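See below for the structure under consideration.
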Amino acid sequence: MGANRFELTAGACAASSFGLPFIHQFTDATPDLPYVAISLHLDTTMLTRVMLNMPKRDDRWTCAVAAGELNGLFGEPLARLVGLLNTTDDIGLLAPHYETELYYRLLQSTMGDTLRQIGQRDERFQQLKAAADWLASNHNKPVNIPDLAASAGMSVTSFHRHFKGVTGFSPLAFQRHIRLLEARKLLAAGSANVSRVAYEVGYVSPSQFSREYKSMFGSPPVADLQRGHERR
């Protein structure tokens with residue numbers, strides 16, 4: 001996730017303070033022991049309210065993604081929250097309490113510094129998030145780094161340093177990662193050809209696209225295109 005690699009075993013989780021590009025691979029799942037996961041979109045308002053009711057802590061700059069174990073005190077409220085699916089009449093009354101406790105425990109965990117970024121009103125963090133969101137939404141367009149830095153209210157040097165500190169990527173590497181992930185989705189869907197995909201995600205050189213695609217995924221784009229055709 002981002003520029004970070006995590007090996008998560010059963011009972012572990014990852015949290016992100018804003019959207020980062022990611023790829024994943026399952027290594028142990030079998031038909032007899034299937035992989036089961038839960039994705040929870042955090043409520044910023046609730047998270048901020050919980051933060052305000054906790055002892056004040058100094059804000060620390062940290063990467064926008066962290067991993068930890070969901071066991072003991074951290075896992076119990078999540079288990080109760082999920083368990084409400086078996087007693088749906090209780091959801092309206094109990095779910096907000098379980099969710100509040102879950103946020104409280106997560107903020108106490110090793111993932112707390114990363115999650116606190118969501119509720120912080122730090123202007124610089126919000127500017128970096130806006131820049132990352134723009135790059136993700138406009139991955140197929142040319143980017144002018146000085147203009148992007150200016151929109152974030154930073155010098156180019158400061159923007160590079162802070163952007164990489166939070167995302168793990170330089171701005172251009174972040175955009176390239178998004179482009180290649182989008183290209184892989186198009187190829188897996190059986191798109192027409194590799195060159196068309198390269199142009200669609202923002203590359204001007206199909207040969208450069210193929211080199212960077214293979215470097216990131218370990219196989220050339222034509223191989224994934226072929227697999228996409230075979231699944232159709």
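Read the figures in this text as sums done on the coordinates, not as results from a lab. Small disclaimer: the values here were computed from a predicted structure and weren't measured. All Cβ positions, even for glycine, are placed from backbone atoms using ideal geometry, and neighbour counts span all protein chains on display.
Ellipticity at 222 nm from helices only: DSSP H runs of n ≥ 4 in the chain, each -39500 (n - 2.57), divided by the residue count, give -16500 deg cm²/dmol.
Three semi-axes describe the equivalent ellipsoid of segment 12-119; taken as square roots of 5 times the Cα gyration tensor eigenvalues and ordered largest first, they are 24, 21, 12 Å. The simple spin-label model puts a point 7 Å past each Cα toward its Cβ; for Arg161 and Ala79 those points are separated by 4.6 nm. Between segment 146-197 and segment 25-55, the alpha-carbon centres lie 25 Å apart.
Quarter the surface of the alpha carbon convex hull of segment 123-169 and you get the mean projected area, 2.9 square nanometres.
Here's the list of aspartates and glutamates a cross-link from Lys214 could span, going by alpha-carbon distance under 15 Å and ignoring same-chain residues fewer than 8 apart: Glu182, Asp224.
Taking the Cα centre of segment 123-169 as origin and assigning +1 to Lys and Arg Cβ atoms and -1 to Asp and Glu Cβ atoms, the resulting dipole is close to 120 debye.
Against the chain, whose longest principal axis is taken from its Cα atoms, helix 123-137 shows a tilt of about 40°.
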